[in-house]
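Beneath this line is the structure, given in structure tokens, with notes to follow.
The values are calculated or read from the model by the stated rules, or taken from the named source; none is laboratory data. The structure displayed is predicted, hence computed values, not measured ones. So basically every Cβ, Gly included, is an ideal-geometry build from the backbone, and we count neighbours across all protein chains shown. Just the protein is used for accessible areas: all its heavy atoms, side chains included, with ligands, DNA and RNA removed. Shrake-Rupley method; radii C 1.70, N 1.55, O 1.52, S 1.80 Å.
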Amino acid sequence: MNPAAYAVLDLDAVQHNLSIVHHYAPNAKVMAVIKANAYGHGLLRIAEALHDVDAFAVARVDEGIRLRKAGFKNRIAVLEGFTCVEELAELLHYQLDSVVHSLTQLEILETATLKGVCAVWLKLDTGMGRLGFRAKEFSSVYQRLNRCALVKQPFGLMTHFASADDMNDDKTLKQIKLFDETVAGLSGELSMANSAGILGWEQSLRDWVRPGIMLYGVSPFPDSIGRQLGLKPVMELHSKLIAVKQIDAGDTVGYGGSWTCEKTTKLGVVAIGYGDGYPRYAKAGTPVLVNGGRVPLIGRVSMDMITVDLDTQPDAKSGDPVTLWGEGLPVEEVALWADTIPYTLVCGVTQRVRLVEKQHSS
């Protein structure tokens, strides 16, 4: 029996979404981004579903080590790289690639007395403003890495987009232009495109692409949903009604009494809340599916429960199924109601929500 709140994962959809990556970038190698517990979907589970990709990308060293200890042989790139000589030693031991984005890392590579060589990706900051070297210092850093005994040659060159999800913003084109100008004449494989780059900016396709959110069936663009792009959502979030009652005009619901009943209403209580990862700031009116039909959220989201207006579901009863996002209710739509992004919702599903793999009939 499933607990009150559970998520269903369609792993066949992961492979389908990977096929969409190949469709848009047929000549590129794929570095599947599975950081943050594979965007809340389960690191090892998603890695297994994507076992045939050319490489994985994670954010931190411990994520890469976990994949190695689980037996994965793929290349694994650590996007935040290493912060000290001890982490560099772990990268070398577990044969993890490192992004090199700071002078501190460069100095460690030049001075560390360690055995082995590390595959690296030298990062150019073309306008994201976070990690990476500025264009004016890039050539000098490149030459220093060329002379590092700990660095496997040749090494990759990469950048990251700041606004690729906005097709009306020309900043992405400026970033592409700066990257191409800066790396011209340098050896090494190139990588720029994230999910939005793959789907929206063909000019950004190079030797490697780094799909993230699209692998999970979610659109990287704020004005579309995954299915409109040919993607299949991987995660559905479910719960059930645990109480049904009548409330009268003038009654308030939830903490702070922020929602007041205007007429006699059938109210349902759903066993899910921000303690499960449902967005705390979802507004009244946010759609929820009860028995497959849409009903509006009323009152504030609390830690373990939400309340919904069941007037359009007169036969609803305790125990009936509830979908918070899934078939008929895209996570992108719920995110809009909560003034957030779908990345936050799928990554935020908490440990007390059981992840259940969808069973497909053979």
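Looking only at segment 322-329, decide whether some residue is under 17 Å from G273 (Cα atoms) and either in a helix (DSSP H, G or I) or small (G, A, S) (or both). Taking every residue of segment 322-329 in turn, at least one turns out to be under 17 Å from G273 (Cα atoms) and either in a helix (DSSP H, G or I) or small (G, A, S) (or both).
The set of residues in segment 326-353 being over 13 Å from the mean Cα position of the chain (by Cα) and under 19 Å from L289 (Cβ atoms) consists of G326, E327, G328, L329, P330, E333, V334, A335, L336, W337, A338, V353.
In the condition set (1) under 21 Å from F179 (Cα atoms); (2) part of a loop (DSSP other than H, G, I, E, B), G116 is compliant with all but (1). Of all residues in segment 36-70, those being in a helix (DSSP H, G or I) and of a type outside the set (V, I, T) number 17. Summed over segment 337-362, residues that are open to solvent by 90 Å² or more (accessible area, probe 1.4 Å) and touching a strand residue (DSSP E or B) at 6+ places or on another chain (Cβ under 7 Å) total 2. Evaluating A112 against the criteria (1) more than 30 Å from D169 (Cα to Cα); (2) touching a strand residue (DSSP E or B) at 6+ places or on another chain (Cβ under 9 Å) leaves one unmet condition, (2).
Of everything in segment 174-214 that's assigned to a helix (DSSP H, G or I) and among the charged types (D, E, K, R), which residue is most open to solvent (accessible area, probe 1.4 Å)? Checking each candidate, the answer is E202. Here is the figure for segment 86-113: residues that are under 14 Å from E63 (Cβ atoms) and either of a type in the set (D, E) or outside any helix (DSSP H, G or I) (or both) total 6. Need pairs with beta-carbon distance below 9 Å; first residue assigned to a loop (DSSP other than H, G, I, E, B) and within segment 336-362, second open to solvent by 50 Å² or more (accessible area, probe 1.4 Å) and among the basic types (K, R); sequence gap 6+ or separate chains. If the second residue must be open to solvent by 50 Å² or more (accessible area, probe 1.4 Å) and among the basic types (K, R), the pairs left are A338/R280; A338/K283; D339/K283. Going through V253, V234 one at a time, which residue ends up being at pLDDT 95 or above and of a type in the set (A, V, I, L, M)? One residue alone meets the criteria, V234. Among the residues of segment 321-336, write down those that are surrounded by fewer than 18 Cβ atoms within 10 Å (Cβ to Cβ) and on the phi < 0 side of the Ramachandran plot. Selection gives P321, E327, E333, L336. When N37 is tested against (1) surrounded by 21 or more Cβ atoms within 10 Å (Cβ to Cβ); (2) within 16 Å of the chain's Cα centre (by Cα); (3) farther than 19 Å from S191 by Cβ, just one condition goes unmet, and that condition is (1).
Y274 fulfils the conditions (1) open to solvent by 30 Å² or more (accessible area, probe 1.4 Å); (2) farther than 30 Å from G212 by Cβ; (3) in contact with a Lys or Arg (Cβ under 6 Å, 6 or more places away or on another chain) except for a single criterion, (2). For segment 140-166, filtering for residues that are in a helix (DSSP H, G or I) and open to solvent by less than 40 Å² (accessible area, probe 1.4 Å) leaves 3. Select from segment 123-138 the residues that are in contact (Cβ under 8 Å) with a residue 40 or more places away in the chain and over 23 Å from the mean Cα position of the chain (by Cα) and write down the one among them that is least open to solvent (accessible area, probe 1.4 Å). So the residue we want is F138. Selection of segment 233-252 for residues being surrounded by fewer than 17 Cβ atoms within 10 Å (Cβ to Cβ) and either free of Cβ contacts under 8 Å to residues at least 60 places away in the same chain or assigned to a loop (DSSP other than H, G, I, E, B) (or both) yields K245, Q246, D248, A249, G250, D251, T252. For segment 58-67, state whether one or more residues are open to solvent by 10 Å² or more (accessible area, probe 1.4 Å), of a type in the set (K, R), over 21 Å from the mean Cα position of the chain (by Cα) and at pLDDT 95 or above. Checked segment 58-67: no residue is open to solvent by 10 Å² or more (accessible area, probe 1.4 Å), of a type in the set (K, R), over 21 Å from the mean Cα position of the chain (by Cα) and at pLDDT 95 or above.
For every residue, the table says whether it meets (1) among the hydroxyl-bearing types (S, T, Y); (2) closer than 22 Å to N2 by Cα; (3) under 34 Å from the mean Cα position of the chain (by Cα).
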{"position": "G256", "(1), (2), (3)": "no, no, yes"}
{"position": "C261", "(1), (2), (3)": "no, no, no"}
{"position": "G268", "(1), (2), (3)": "no, yes, yes"}
{"position": "I272", "(1), (2), (3)": "no, yes, yes"}
{"position": "D276", "(1), (2), (3)": "no, yes, yes"}
{"position": "R280", "(1), (2), (3)": "no, no, yes"}
{"position": "L297", "(1), (2), (3)": "no, no, yes"}
{"position": "L310", "(1), (2), (3)": "no, no, yes"}
{"position": "D315", "(1), (2), (3)": "no, no, no"}
